[in-house]
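The numbers here are math on the coordinates, done by the rules we state, and not lab data. Predicted model, so just to flag it, every value in this text is computed and none were measured. All Cβ positions, glycine included, derive from the backbone under ideal geometry; neighbour counts span all protein chains shown.
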Amino acid sequence: MALQYEAKDFSNLKGMEGFSETLLNNHFTLYQNYVKNTNLVLENLHAMGQEGKAPTPDYAELKRRFGFEWDGMRLHEYYFGNLGGKASLDPNSAPYKRIVQDFGGIEDWKKDFISTGSMRGIGWVILYEDPSNGGLLNCWINEHEVSHLAGATPILVMDVWEHAFLTDYGLNKAAYIETFFKNVNWDEVTKRYK
C-alpha cells in the first residue's frame with residue numbers, strides 16, 4: 001500500500017485582505033489536485049513495483065514526475081501556512097535578528113526578497129534557513145522541484161506562478177507581492193526558524 005496524503009483545509013484564509021474568494025478557491029483547487037496527483041503517482045509506482053515493472057521507462061518517468069507533484073503539494077502548504085497574519089515580524093524574534101545579521105536590515109532583506117519575486121518567469125521565492133549555520137538565503141525556485149537547496153528549511157514561501165495573482169492583479173505582480181507582505185503570518189515564519 002502506497003503512502004496517502006490528505007489536502008489540508010486553508011479556508012481560514014478567506015476574507016484575507018487583497019485576495020478574492022475566487023482567487024483563493026481556484027488556488028485551493030489547484031493545491032488539492034497536487035495532493036490528488038501525488039497520491040495517484042505513488043499508487044501507480046507501488047503497483048508497477050509489485051508487477052515487476054520498476055526497470056521500465058514508464059516507471060522512470062513516473063519517478064521523475066513524483067518530485068513535481070509532491071513539491072507542488074508541499075510548497076502550497078508552506079505558502080498557505082505562512083499567510084493570514086496581520087502583525088509585523090517581532091524585532092526581538094530570532095528570524096528578525098538573523099535577517100539583520102545576514103542582510104544588514106529588514107528593509108534590505110525585503111528588497112532582495114521582492115527583487116527575487118519580481119524576476120520574469122514562473123516559480124517560487126523561498127527564504128531558506130541553512131541548518132548548518134542558521135544563515136538565511138532568499139532563493140528562486142523554478143517549477144516545483146528545481147533549484148531547492150539540499151537540506152535547507154523553508155522559512156517563508158511566496159508563490160509567484162501566475163495563478164497566485166492573475167485573477168486579482170492581472171500582470172501587476174508588484175501589487176500582488178505588496179499584498180502578500182501585508183498578509184504574512186510572521187508567527188508561523190518564526191516557528192519554522194530553528
Q | trypsin sites (Lys or Arg not before Pro) restricted to the stretch 101-187 and DSSP loop, no more than 12 other C-beta within 10 Å | A | Arg120
Q) From the square roots a ≥ b ≥ c of the eigenvalues of the alpha-carbon gyration tensor of the stretch 121-194, which class results: rounded (a/c under 1.5), prolate (a/b over b/c), or oblate? A) oblate
Q. Past the 26 Å Cα-Cα mark, which pairs from Lys14/Lys36; Lys14/Lys111; Lys63/Lys110; Lys14/Lys97?
A. Lys14/Lys111; Lys63/Lys110; Lys14/Lys97
Q | Fewest-first ranking of His148, His163, using other Cβ atoms within 10 Å as the exposure measure | A | His163, His148
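Roughly how many debye, to the nearest 20, is the charge dipole of the stretch 73-178 about its Cα centre, given +1 on each Lys and Arg Cβ, -1 on each Asp and Glu Cβ, and no other charges?
Numbers: 8 positive and 14 negative charges, 31 e Å.
Approximately 140 debye in magnitude.
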Q) Using the alpha-carbon centroid of each, what span in Å lies between the stretch 57-83 and the stretch 136-175? A) 14
Q: Of all alpha-carbon pairs in the chain, indicate the percentage at a distance above 30 angstrom.
A: 25
**Q.** Packing-based exposure ordering (other Cβ within 10 Å, fewest first) of Met119, Met16
**A.** Met119, Met16
**Q.** 0 to 90° range, to nearest 10: angle between helix 21-50 axis and the chain longest Cα axis
**A.** 40
(Q) I'd like the orientation of helix 94-103 relative to the chain: the angle between its Cα long axis and the longest Cα principal axis, in ° from 0 to 90, rounded to 10. (A) 80
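By the scheme Lys and Arg +1, Asp and Glu -1, what is the net charge of all other residues having a beta-carbon under 14 Å from that of Pro154?
With Lys, Arg at +1 and Asp, Glu at -1, the net is -3.
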Q) To the nearest 10 degrees, how steep is helix 57-81 against the longest Cα principal axis of the chain, on a 0 to 90 scale? A) 30
Q: Under a 10 Å cutoff between Cα atoms, tell me which one of Ala87, Ala60, Ala150 has the largest fluctuation in the Gaussian network model of the chain.
A: Ala150
Q: Calculate for the chain the 222 nm mean residue ellipticity that helices alone would give, adding -39,500 (n - 2.57) per DSSP H run of length 4 or more and normalising by residue count, nearest 500 deg cm²/dmol.
A: -16500 deg cm²/dmol
